[in-house]
Amino acid sequence: MKGRTIVITSGKGGVGKTTATANLGTALAMRGHSVVVIDTDIGLRNLDVIMGLENRIVYDLVNVIEGKCRLRQAMIQDKNRLELYLIPAAQTRDKDSITPEQLKALCAELENDFDFILIDCPAGIEQGFKNAVAAAGEAIIVTTPEVSAIRDADRVIGLLEASGLHRPKLIINRIAADMVKRGDMMGQEDVESLLAVEVIGLVPADERTVAAANRGIPAVHDGRSTAGAAFTRIAARIDGEEVPLKEPDARPGMFNRLRDMVGIKGRAYSHA
Amino acid sequence: MRELLRWLLGLADKGSESSSDVARRRMRLVLIQDRIDLSPDKMDQMKQEIWEVVSRYMVVDDEFLEFEVRRLDELVMLVSHIEVKDLNALVGARSA
(Lines give C-alpha, C1' and ligand atoms only; values in the text may rest on other atoms or scores of the structure.)
Protein backbone atom coordinates (compact mmCIF):
# COMPACT_ATOMS: atom_id res chain seq x y z
CA MET A 1 0.00 0.00 0.00
CA LYS A 2 1.18 3.48 -0.79
CA GLY A 3 -0.72 6.11 1.14
CA ARG A 4 -1.06 9.82 0.43
CA THR A 5 0.38 12.37 2.82
CA ILE A 6 -1.50 15.66 2.74
CA VAL A 7 -0.59 18.78 4.70
CA ILE A 8 -3.43 21.06 5.85
CA THR A 9 -2.01 24.55 6.14
CA SER A 10 -3.04 28.22 6.04
CA GLY A 11 -0.39 30.67 7.17
CA LYS A 12 -2.81 32.61 9.34
CA GLY A 13 -3.98 31.05 12.57
CA GLY A 14 -7.59 30.59 13.57
CA VAL A 15 -9.03 29.93 10.12
CA GLY A 16 -9.97 26.33 10.86
CA LYS A 17 -6.99 24.12 9.99
CA THR A 18 -7.43 21.83 12.95
CA THR A 19 -11.19 21.57 12.47
CA ALA A 20 -10.61 20.80 8.79
CA THR A 21 -8.02 18.13 9.61
CA ALA A 22 -10.29 16.44 12.17
CA ASN A 23 -13.29 16.49 9.85
CA LEU A 24 -11.47 15.37 6.72
CA GLY A 25 -9.68 12.60 8.60
CA THR A 26 -12.95 11.40 10.08
CA ALA A 27 -14.82 11.67 6.77
CA LEU A 28 -12.12 9.73 4.91
CA ALA A 29 -12.23 7.02 7.58
CA MET A 30 -16.03 6.92 7.31
CA ARG A 31 -15.52 6.24 3.60
CA GLY A 32 -13.66 3.12 4.61
CA HIS A 33 -10.08 4.34 4.42
CA SER A 34 -7.38 3.91 6.99
CA VAL A 35 -6.25 7.31 8.18
CA VAL A 36 -3.65 8.82 10.49
CA VAL A 37 -3.91 12.47 11.51
CA ILE A 38 -0.77 14.07 12.90
CA ASP A 39 -0.76 17.22 15.01
CA THR A 40 2.53 18.97 14.27
CA ASP A 41 1.72 22.09 16.29
CA ILE A 42 4.26 21.22 18.95
CA GLY A 43 3.72 23.20 22.14
CA LEU A 44 0.17 24.19 21.18
CA ARG A 45 -1.61 20.92 20.52
CA ASN A 46 -5.31 21.04 19.78
CA LEU A 47 -6.27 18.28 17.37
CA ASP A 48 -6.70 15.93 20.37
CA VAL A 49 -9.40 18.09 21.97
CA ILE A 50 -11.21 18.68 18.68
CA MET A 51 -11.36 14.90 18.21
CA GLY A 52 -12.22 14.26 21.86
CA LEU A 53 -9.12 12.13 22.49
CA GLU A 54 -7.30 14.35 24.99
CA ASN A 55 -7.74 11.89 27.86
CA ARG A 56 -6.10 9.02 26.04
CA ILE A 57 -2.71 10.55 25.32
CA VAL A 58 0.27 8.69 26.70
CA TYR A 59 2.96 9.24 24.10
CA ASP A 60 3.33 11.98 21.50
CA LEU A 61 4.99 12.82 18.21
CA VAL A 62 8.29 13.87 19.78
CA ASN A 63 8.41 10.65 21.84
CA VAL A 64 8.09 8.61 18.65
CA ILE A 65 10.71 10.59 16.80
CA GLU A 66 13.14 10.39 19.70
CA GLY A 67 12.58 6.65 19.90
CA LYS A 68 11.05 6.78 23.40
CA CYS A 69 8.14 4.66 22.22
CA ARG A 70 7.07 2.60 19.23
CA LEU A 71 5.04 4.31 16.53
CA ARG A 72 1.91 2.28 17.32
CA GLN A 73 2.09 3.27 21.00
CA ALA A 74 1.67 6.95 20.09
CA MET A 75 -1.28 6.32 17.77
CA ILE A 76 -4.61 6.87 19.50
CA GLN A 77 -7.59 5.24 17.88
CA ASP A 78 -10.75 7.23 17.20
CA LYS A 79 -13.59 6.93 19.73
CA ASN A 80 -15.91 5.36 17.17
CA ARG A 81 -13.37 2.64 16.41
CA LEU A 82 -12.94 3.84 12.86
CA GLU A 83 -9.65 3.07 11.14
CA LEU A 84 -8.60 6.53 12.26
CA TYR A 85 -5.62 7.30 14.47
CA LEU A 86 -4.23 10.47 16.01
CA ILE A 87 -0.57 11.14 16.69
CA PRO A 88 -0.72 14.06 19.11
CA ALA A 89 1.82 16.87 19.29
CA ALA A 90 4.04 17.21 22.32
CA GLN A 91 2.77 19.92 24.60
CA THR A 92 5.87 20.74 26.60
CA ARG A 93 8.41 20.98 23.79
CA ASP A 94 8.94 23.38 20.91
CA LYS A 95 8.92 23.26 17.13
CA ASP A 96 12.65 22.66 16.93
CA SER A 97 12.27 19.30 18.67
CA ILE A 98 11.83 17.63 15.30
CA THR A 99 13.41 18.11 11.88
CA PRO A 100 11.81 17.99 8.44
CA GLU A 101 13.75 14.79 7.68
CA GLN A 102 12.45 13.05 10.77
CA LEU A 103 8.81 13.86 10.03
CA LYS A 104 9.33 12.87 6.40
CA ALA A 105 10.71 9.48 7.45
CA LEU A 106 7.80 8.95 9.85
CA CYS A 107 5.20 9.71 7.17
CA ALA A 108 6.99 7.51 4.65
CA GLU A 109 6.73 4.66 7.14
CA LEU A 110 3.01 5.34 7.72
CA GLU A 111 2.36 5.43 3.96
CA ASN A 112 3.17 1.72 3.86
CA ASP A 113 0.25 0.88 6.14
CA PHE A 114 -2.34 3.63 5.73
CA ASP A 115 -4.35 5.20 2.90
CA PHE A 116 -4.16 8.77 4.14
CA ILE A 117 -1.84 10.68 6.44
CA LEU A 118 -3.15 14.17 7.19
CA ILE A 119 -0.75 16.65 8.76
CA ASP A 120 -2.26 19.47 10.80
CA CYS A 121 0.29 22.24 10.21
CA PRO A 122 0.93 24.97 12.78
CA ALA A 123 0.17 28.60 11.87
CA GLY A 124 3.05 30.70 10.62
CA ILE A 125 5.80 29.96 8.13
CA GLU A 126 8.61 29.04 10.51
CA GLN A 127 10.10 25.71 11.53
CA GLY A 128 6.81 23.97 12.27
CA PHE A 129 5.52 24.85 8.80
CA LYS A 130 8.75 23.66 7.20
CA ASN A 131 8.56 20.34 9.05
CA ALA A 132 4.96 19.75 8.02
CA VAL A 133 5.49 20.70 4.39
CA ALA A 134 8.63 18.61 3.93
CA ALA A 135 6.74 15.44 4.81
CA ALA A 136 3.77 15.98 2.48
CA GLY A 137 3.16 15.05 -1.12
CA GLU A 138 0.04 17.18 -1.45
CA ALA A 139 -1.26 20.34 0.20
CA ILE A 140 -4.63 21.75 1.14
CA ILE A 141 -4.82 25.43 2.06
CA VAL A 142 -7.56 26.60 4.39
CA THR A 143 -8.63 30.23 4.24
CA THR A 144 -11.59 32.33 5.25
CA PRO A 145 -12.97 35.02 2.92
CA GLU A 146 -11.12 37.73 4.83
CA VAL A 147 -8.30 39.97 3.63
CA SER A 148 -5.76 38.90 6.26
CA ALA A 149 -6.36 35.17 5.76
CA ILE A 150 -6.23 35.50 1.96
CA ARG A 151 -3.00 37.45 2.03
CA ASP A 152 -1.35 34.84 4.25
CA ALA A 153 -2.74 32.03 2.11
CA ASP A 154 -1.13 33.64 -0.94
CA ARG A 155 2.24 33.75 0.83
CA VAL A 156 1.90 30.10 1.80
CA ILE A 157 1.00 29.09 -1.76
CA GLY A 158 4.22 30.76 -2.92
CA LEU A 159 6.25 28.96 -0.27
CA LEU A 160 4.64 25.60 -1.13
CA GLU A 161 5.52 26.09 -4.79
CA ALA A 162 9.08 26.95 -3.80
CA SER A 163 9.39 23.72 -1.85
CA GLY A 164 8.04 21.64 -4.71
CA LEU A 165 4.44 21.20 -3.58
CA HIS A 166 2.60 22.24 -6.70
CA ARG A 167 -1.09 22.70 -7.34
CA PRO A 168 -2.34 23.00 -3.77
CA LYS A 169 -6.11 22.83 -3.28
CA LEU A 170 -8.11 25.49 -1.49
CA ILE A 171 -10.83 25.21 1.14
CA ILE A 172 -12.76 28.42 1.72
CA ASN A 173 -14.03 28.14 5.27
CA ARG A 174 -16.72 30.01 7.21
CA ILE A 175 -18.56 31.47 4.26
CA ALA A 176 -21.54 33.46 5.52
CA ALA A 177 -23.78 33.32 2.48
CA ASP A 178 -26.07 36.10 3.65
CA MET A 179 -23.07 38.42 4.03
CA VAL A 180 -21.79 37.47 0.57
CA LYS A 181 -25.25 38.20 -0.78
CA ARG A 182 -25.38 41.70 0.64
CA GLY A 183 -21.83 42.46 -0.50
CA ASP A 184 -20.08 42.38 2.85
CA MET A 185 -18.03 39.24 2.30
CA MET A 186 -15.98 38.05 -0.65
CA GLY A 187 -17.48 35.03 -2.37
CA GLN A 188 -16.01 31.97 -4.04
CA GLU A 189 -15.17 33.66 -7.35
CA ASP A 190 -13.46 36.55 -5.61
CA VAL A 191 -11.21 34.36 -3.49
CA GLU A 192 -10.57 31.91 -6.30
CA SER A 193 -9.50 34.59 -8.76
CA LEU A 194 -7.24 36.29 -6.20
CA LEU A 195 -5.39 33.15 -5.19
CA ALA A 196 -5.52 31.38 -8.55
CA VAL A 197 -5.67 27.86 -7.12
CA GLU A 198 -8.28 25.17 -7.48
CA VAL A 199 -11.08 25.28 -4.90
CA ILE A 200 -11.79 21.86 -3.41
CA GLY A 201 -14.41 22.94 -0.92
CA LEU A 202 -16.75 25.68 0.26
CA VAL A 203 -17.59 25.42 3.95
CA PRO A 204 -20.41 27.53 5.33
CA ALA A 205 -20.16 29.36 8.64
CA ASP A 206 -22.01 26.99 10.91
CA GLU A 207 -22.45 27.43 14.62
CA ARG A 208 -22.86 23.67 15.00
CA THR A 209 -19.08 23.33 14.54
CA VAL A 210 -18.66 25.15 17.85
CA ALA A 211 -20.93 22.63 19.55
CA ALA A 212 -19.04 19.83 17.79
CA ALA A 213 -15.74 21.16 19.15
CA ASN A 214 -17.28 21.49 22.62
CA ARG A 215 -18.20 17.82 22.55
CA GLY A 216 -15.06 16.64 20.82
CA ILE A 217 -17.05 15.02 18.03
CA PRO A 218 -16.17 16.29 14.53
CA ALA A 219 -19.09 17.91 12.68
CA VAL A 220 -19.10 15.22 9.96
CA HIS A 221 -20.84 13.00 12.54
CA ASP A 222 -23.61 15.60 12.91
CA GLY A 223 -26.24 15.10 10.25
CA ARG A 224 -27.62 18.59 10.78
CA SER A 225 -24.30 20.40 10.41
CA THR A 226 -23.94 22.18 7.06
CA ALA A 227 -20.18 22.52 7.63
CA GLY A 228 -20.01 18.78 8.37
CA ALA A 229 -21.79 18.04 5.09
CA ALA A 230 -19.33 20.29 3.26
CA PHE A 231 -16.36 18.41 4.76
CA THR A 232 -17.93 15.11 3.77
CA ARG A 233 -18.09 16.34 0.17
CA ILE A 234 -14.48 17.53 0.32
CA ALA A 235 -13.39 14.11 1.54
CA ALA A 236 -15.17 12.54 -1.45
CA ARG A 237 -13.32 14.91 -3.77
CA ILE A 238 -9.98 14.11 -2.16
CA ASP A 239 -10.88 10.47 -2.74
CA GLY A 240 -11.25 11.16 -6.45
CA GLU A 241 -15.01 11.26 -6.64
CA GLU A 242 -16.55 13.95 -8.82
CA VAL A 243 -18.79 15.96 -6.55
CA PRO A 244 -19.96 19.41 -7.68
CA LEU A 245 -19.02 22.35 -5.47
CA LYS A 246 -22.03 23.49 -3.52
CA GLU A 247 -22.31 27.16 -2.74
CA PRO A 248 -23.58 27.71 0.78
CA ASP A 249 -27.19 28.91 0.79
CA ALA A 250 -28.08 32.26 2.20
CA ARG A 251 -30.13 31.77 5.32
CA PRO A 252 -33.69 31.64 4.15
CA GLY A 253 -36.80 32.26 6.12
CA MET A 254 -38.60 35.20 7.60
CA PHE A 255 -37.51 34.35 11.12
CA ASN A 256 -33.82 34.76 10.40
CA ARG A 257 -34.36 37.98 8.53
CA LEU A 258 -36.40 39.36 11.37
CA ARG A 259 -33.79 38.21 13.81
CA ASP A 260 -31.07 39.89 11.77
CA MET A 261 -32.98 43.12 11.62
CA VAL A 262 -33.74 43.17 15.31
CA GLY A 263 -30.14 42.29 15.95
CA ILE A 264 -30.56 39.31 18.22
CA LYS A 265 -27.18 37.74 18.71
CA GLY A 266 -26.78 34.03 18.29
CA ARG A 267 -24.63 33.57 15.27
CA ALA A 268 -21.00 32.75 15.71
CA TYR A 269 -18.93 33.47 12.69
CA SER A 270 -15.56 33.36 14.33
CA HIS A 271 -14.18 30.40 16.14
CA ALA A 272 -10.96 28.48 15.95
CA MET B 1 -32.47 48.28 15.42
CA ARG B 2 -29.03 49.03 14.09
CA GLU B 3 -29.43 46.26 11.53
CA LEU B 4 -32.75 47.70 10.40
CA LEU B 5 -31.17 51.14 9.99
CA ARG B 6 -28.26 49.68 8.08
CA TRP B 7 -30.65 47.74 5.88
CA LEU B 8 -32.63 50.91 5.11
CA LEU B 9 -29.42 52.84 4.47
CA GLY B 10 -28.29 49.98 2.26
CA LEU B 11 -31.40 50.46 0.16
CA ALA B 12 -30.66 54.17 -0.05
CA ASP B 13 -27.11 53.94 -1.38
CA LYS B 14 -27.23 50.90 -3.57
CA GLY B 15 -25.00 52.61 -6.10
CA SER B 16 -21.97 52.78 -3.82
CA GLU B 17 -19.25 50.15 -3.72
CA SER B 18 -19.83 47.21 -1.38
CA SER B 19 -17.19 46.28 1.18
CA SER B 20 -16.45 43.03 -0.65
CA ASP B 21 -15.71 45.01 -3.82
CA VAL B 22 -13.31 47.18 -1.85
CA ALA B 23 -11.70 44.09 -0.34
CA ARG B 24 -11.20 42.46 -3.74
CA ARG B 25 -9.65 45.60 -5.21
CA ARG B 26 -7.30 46.06 -2.26
CA MET B 27 -6.29 42.40 -2.21
CA ARG B 28 -5.43 42.36 -5.88
CA LEU B 29 -2.85 45.08 -5.40
CA VAL B 30 -1.51 43.78 -2.12
CA LEU B 31 -0.98 40.31 -3.57
CA ILE B 32 0.87 41.65 -6.61
CA GLN B 33 3.21 43.56 -4.31
CA ASP B 34 3.70 40.56 -2.05
CA ARG B 35 4.37 38.27 -4.99
CA ILE B 36 7.05 40.46 -6.54
CA ASP B 37 9.15 39.51 -3.55
CA LEU B 38 12.60 40.35 -4.95
CA SER B 39 15.51 39.79 -2.62
CA PRO B 40 17.97 42.70 -2.31
CA ASP B 41 20.50 40.60 -4.26
CA LYS B 42 18.10 40.03 -7.14
CA MET B 43 17.12 43.68 -7.08
CA ASP B 44 20.81 44.70 -7.38
CA GLN B 45 21.31 42.24 -10.19
CA MET B 46 18.32 43.62 -12.09
CA LYS B 47 19.55 47.15 -11.49
CA GLN B 48 22.95 46.26 -12.88
CA GLU B 49 21.51 44.58 -15.96
CA ILE B 50 19.18 47.46 -16.74
CA TRP B 51 22.12 49.86 -16.36
CA GLU B 52 24.16 47.80 -18.80
CA VAL B 53 21.40 47.85 -21.41
CA VAL B 54 20.77 51.58 -21.08
CA SER B 55 24.47 52.42 -21.15
CA ARG B 56 24.82 50.73 -24.52
CA TYR B 57 22.72 53.52 -25.95
CA MET B 58 23.62 56.56 -23.85
CA VAL B 59 26.09 57.78 -21.32
CA VAL B 60 24.48 57.31 -17.93
CA ASP B 61 25.69 57.80 -14.39
CA ASP B 62 26.30 54.48 -12.68
CA GLU B 63 25.75 55.98 -9.25
CA PHE B 64 22.45 57.61 -9.87
CA LEU B 65 20.17 54.71 -10.49
CA GLU B 66 17.09 54.67 -8.32
CA PHE B 67 14.71 51.82 -8.27
CA GLU B 68 11.42 51.29 -6.55
CA VAL B 69 8.17 49.44 -6.74
CA ARG B 70 5.40 51.95 -6.40
CA ARG B 71 1.65 51.78 -6.24
CA LEU B 72 -0.46 54.24 -8.14
CA ASP B 73 -4.20 53.74 -7.86
CA GLU B 74 -4.89 50.58 -9.82
CA LEU B 75 -1.32 50.00 -10.97
CA VAL B 76 1.79 48.53 -9.50
CA MET B 77 4.78 50.11 -11.20
CA LEU B 78 8.48 49.57 -11.29
CA VAL B 79 9.97 53.05 -11.37
CA SER B 80 13.62 53.81 -12.02
CA HIS B 81 15.49 57.08 -12.26
CA ILE B 82 18.64 57.03 -14.36
CA GLU B 83 20.69 60.16 -14.74
CA VAL B 84 21.86 60.79 -18.29
CA LYS B 85 25.42 62.17 -18.18
CA ASP B 86 27.59 64.04 -20.56
CA LEU B 87 25.00 65.76 -22.67
CA ASN B 88 27.73 66.94 -25.03
CA ALA B 89 28.73 63.38 -25.85
CA LEU B 90 25.10 62.61 -26.49
CA VAL B 91 24.59 65.56 -28.79
CA GLY B 92 27.89 64.74 -30.48
CA ALA B 93 26.74 61.20 -31.07
CA ARG B 94 23.59 62.42 -32.73
CA SER B 95 25.30 64.88 -35.06
CA ALA B 96 27.97 62.38 -36.02
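The values are calculated or read from the model by the stated rules, or taken from the named source; none is laboratory data. Fair warning: this is a prediction, and the values are worked out from it, not measured in the lab. Cβ placement follows ideal geometry from the backbone for every residue including glycine, while neighbour counts extend to all protein chains displayed.
Before moving on, here are some points about what is shown:
- Residue within segment A:126-142 that is at pLDDT 95 or above, surrounded by fewer than 16 Cβ atoms within 10 Å (Cβ to Cβ) and among the aliphatic types (A, V, I, L, M) present: no
- A:Asp48 vs. criteria among the charged types (D, E, K, R), in contact (Cβ under 8 Å) with a residue 12 or more places away in the chain and assigned to a helix (DSSP H, G or I): yes
- Residue match in segment B:19-39 (condition: in contact with a Gly (Cβ under 7 Å, 6 or more places away or on another chain), of a type in the set (S, T, N, Q), assigned to a helix (DSSP H, G or I) and within 14 Å of chain A (Cβ to nearest Cβ)): yes
- Filter result for A:Ala29 (within 27 Å of A:Thr226 (Cβ to Cβ), in a helix (DSSP H, G or I) and more than 14 Å from the chain's Cα centre (by Cα)): yes
- Within segment A:163-180, if we keep just the residues that are more than 10 Å from chain B (Cβ to nearest Cβ) and more than 19 Å from the chain's Cα centre (by Cα), the residue that is farthest from A:Ile8 (Cα to Cα) turns out to be A:Asp178.
- Across segment A:187-201, the qualifying residues are those that are among the aliphatic types (A, V, I, L, M) and closer than 11 Å to B:Arg24 by Cβ, and the one among them that is farthest from the other protein chains (Cβ to nearest Cβ) is A:Val191.
- Inside segment A:117-162, residues that are farther than 18 Å from A:Asp41 by Cα, β-branched (Val, Ile, Thr) and over 15 Å from the mean Cα position of the chain (by Cα) make up a count of 3.
- Count - residues of segment A:99-123 that are buried (at least 17 other Cβ atoms within 10 Å of the Cβ) and of a type outside the set (A, V, I, L, M): 9
- Checking segment B:11-22 against the condition returns no match, with no residue being touching a Leu at 6+ places or on another chain (Cβ under 8 Å), at pLDDT 65 or above and either at positive phi or surrounded by 10 or more Cβ atoms within 10 Å (Cβ to Cβ) (or both).
- Residue match in segment B:49-62 (condition: touching a strand residue (DSSP E or B) at 6+ places or on another chain (Cβ under 9 Å) and surrounded by fewer than 12 Cβ atoms within 10 Å (Cβ to Cβ)): no
- Residues (within 17 Å of A:Gly16 (Cβ to Cβ) and either within 14 Å of another protein chain (Cβ to nearest Cβ) or assigned to a helix (DSSP H, G or I) (or both)) located in segment A:120-140: A:Phe129, A:Ala132
- Criterion violated by A:Thr209 - all others in (1) away from every other protein chain (no Cβ under 12 Å); (2) assigned to a helix (DSSP H, G or I); (3) more than 19 Å from the chain's Cα centre (by Cα) satisfied: (3)
- Search result, residues across segment B:52-72 that are within 12 Å of B:Val84 (Cβ to Cβ), part of a helix (DSSP H, G or I) and of a type in the set (A, V, I, L, M, F, W, C): B:Val54
- Some residue of segment A:167-177 being buried (at least 19 other Cβ atoms within 10 Å of the Cβ) and over 28 Å from A:Asp206 (Cα atoms): no
- Residue list for segment A:68-80, filter: closer than 17 Å to A:Ile42 by Cα and either touching a residue at least 40 places away in the same chain (Cβ under 8 Å) or in a loop (DSSP other than H, G, I, E, B) (or both): A:Lys68, A:Met75
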